[in-house]
Amino acid sequence: MPTRPTILIVDDEKNARDGLRAALEDKYDVYVAADAESALKFLKEEPVDLLLTDLRMAGQDGLELIRTTRHLPEPPICILMTAYGGVSTAVEAMKNGAADYLTKPLNLDEVEVVIAKHLRSRALEIENKELKQQLTPKRATLSEIIGSSAALERVLDTVRQVAPSKASILIQGESGTGKEVIAKAIHRLSRRAAGPMVTVHCAALSPQLLESELFGHEKGAFTGAIERRAGRFEVADGGTLFLDEIGEIDPSTQVKLLRFLGEKTFERVGSSKTLTADVRVIAATNKDLRALVAAGKFREDLYFRLAVVTITMPPLRERPEDIPLLIRAFLKEFNKENEKNVQGFTPDAMRILQTYQWPGNVRELRTAVEHAVVLARGKMAELHDLPPTILANASSLTTSRDSPTAAAPQTSNIPATIGGFPTTGALDVHAHERRLIFEALARTRGNRTAAAQELGISRRTLHRKIRELGLENKRRKSSASSSTESHP
Ligand SMILES: Nc1ncnc2c1ncn2[C@@H]1O[C@H](COP(=O)(O)OP(=O)(O)OP(=O)(O)O)[C@@H](O)[C@H]1O
Ligand SMILES: [Mg+2]
């Protein structure tokens, strides 16, 4: 049953209050107040749909009351009643946030019409808003995927576009880039969202077990098959089957999978009965599946069936603008989990987080933030709260700090390829370093002591870096060329 609209009448004249209340309480739940102060106190505890207030009252007047209600969490529709009608009062009322105004002496029919009109349009507004939310669940359900980089936005656009169809999707990308997160989002945004989402980790099972896991088996089909078991395809009927690490499946299961994708039919292991299931397949891999096809390890026809649409997850190092957003979300998560209140990272820790290459992508960043939250003593997590592997690989700027015998930059242990995707890891670290040093020198107008201080390294290390990164020569050269330009 719909609840009755609520109205608060504010008037310092008792007769006026009671008269209005009597006229309205048939249709509405009516409350009254004798002045603005008690009205506000009431509203703070009990929001109403509509406020009907007199203009002239002792203490705060009606206009002030209306103005103040705008700051309430649920402001009511405000209607001003005044004996001093006129355009200027009306304008003044609207400016202060009133939806309408009524002239005293009141015409009760008019009062009812005006109130009903405004309540109706408010109800329509709310209904529209709710409808809109129902019609656009897509934006809402992608909100847990954090990041605002153009690269991630492109992925999310594709997700929104392909989710409603039944097309098979291949998600590829390095480990930890969020392939599973995307697979789940596609299921949630699809028309089968109410159906099951079933995940199979193909690499975790032996070929025989994988086949029976996917397609099921009859009792006695093989040693250990003590009972008949439905496969994941049957369980996923009406929903989505997520085949993780698809690059790992053996040739015989590849054939069965190919058949399912073509004909929608399969048999349980040890049975000749043909079954069918309505399943959308999403596959993921951190391997280069095309390279596996070229090497003869993955069927080309299966590849094309799986990759009707391919989504490639960008590595985290190619979208550094997502790092601060992810850090904020993970801080929130791990603060809650550990009952801590770490607000952020100190600038030098942040610099490392921004320039590190993240071979383990978002998963590695998440773990790093958890590590830092657990270790942090104060409100800001510091450099030494970061995992040692990150400190060791991030940049030699910090690892060689105060150790004059430190060897060459420790950037060489970043693999040249990760999961089959080429990276430019080591080169990028040099580029980052070069930029950091260059900027620090620019800010300190070439004062190396100040620049070293700002970078958190010794002056000696800075000298060495400048030499190693070829900054010295560059700066000399550039000043030489600029002087030639200005004096041709
Ligand atoms: N955009 C994102 N927003 C929030 N969390 C993310 C995002 N991307 C990844 N994550 C988180 O990072 C972790 C790794 O993500 P996920 O398991 O989806 O990666 P993956 O690509 O499937 O990795 P793997 O290849 O190793 O299986 C998860 O904890 C996931 O919640
Ligand atoms: Mg995964």
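Whole angstrom only: what separates the Cα centroid of the stretch 334-375 from the Cα centroid of the stretch 251-320? The stretch 334-375 and the stretch 251-320 have Cα centres spaced 35 Å from each other. Taking a ≥ b ≥ c as the square roots of the Cα gyration tensor eigenvalues, the stretch 150-314 comes out prolate, since a/c reaches at least 1.5 and a/b is larger than b/c. Taking θ as phi - 60° and the Karplus parameters 6.51, -1.76 and 1.60, the scalar couplings of the stretch 46-53 work out to 9, x, 10, 7, 9, 10, 10, 10 Hz in sequence order, x denoting glycine and proline.
Remark: spin-label model distance residue 100-residue 151 equals 5.7 nm, labels positioned 7 Å along the Cα→Cβ axis. Between amide H atoms placed 1.01 Å from N, distances below 5 Å from residue 344 occur with 381, all of them 5 or more places distant or on a separate chain. How much FRET efficiency would the formula 1/(1 + (r/R0)^6) give for residue 259 and residue 194, where r is the Cβ-Cβ distance and R0 is 30 Å, rounded to 0.05? It comes out at approximately 0.65.
Checking the a/c ratio against 1.5 first, then a/b against b/c, what shape does the Cα gyration tensor give for the stretch 6-134? Taking the square roots of the gyration eigenvalues as a ≥ b ≥ c, the stretch 6-134 is rounded.
In the structure shown, do any of 14/104; 336/379; 179/287; 179/297; 332/379 have a Cα-Cα gap over 18 Å, and if so which? Could the numbers behind the result be given before it?
Values: 14/104 15 Å; 336/379 14 Å; 179/287 12 Å; 179/297 22 Å; 332/379 13 Å.
Beyond 18 Å between Cα atoms: 179/297.
Amide hydrogen proximity for residue 171: with H placed 1.01 Å from N in the peptide plane, the residues at 5 or more positions away or on another chain lying under 5 Å are 283, 284, 285, 311.
Relative contact order (percent) for the chain, with alpha-carbon contacts under 8 angstrom and 6 or more residues of separation?
Numbers: 737 pairs, mean separation 49.7, N = 488.
Result for the chain is 10 percent.
Annotation: peptides 12-18, 56-62, ranked by per-residue average of other Cβ atoms within 10 Å with the highest first, follow the order 56-62, 12-18.
For the stretch 167-179, 3J(HN,Hα) computed residue by residue from phi via the Karplus equation (6.51, -1.76, 1.60; θ = phi - 60°) reads 4, 5, 10, 10, 10, 10, x, 4, 4, x, 7, x, 5 Hz, glycine and proline entered as x. For residue 44, a cut-off of 12 angstrom between C-alpha atoms picks up these aspartates and glutamates, skipping any fewer than 8 places away in its own chain: 74. Of the peptides 294-303, 278-287, the order by per-residue mean of other Cβ atoms within 10 Å, starting with the highest, comes out as 278-287, 294-303. Straight Cα distances below 19 angstrom link residue 166 to the aspartates and glutamates 157, 180, 234, 237, 244, 263, 278, 301, with same-chain residues fewer than 8 positions distant left out. With an a/c value of 1.5 or above and a/b not larger than b/c for the gyration tensor axes a ≥ b ≥ c computed over the alpha-carbon atoms, the chain is described as oblate.
Any read-out appearing in this document is the output of simple, stated calculations on the displayed coordinates, not a laboratory observation. Note that this is a predicted model, so its numbers are computed, not measured. A quick note on method: Cβ atoms are made from the backbone with ideal geometry, for glycine too, and the neighbour counts reach across all protein chains shown.
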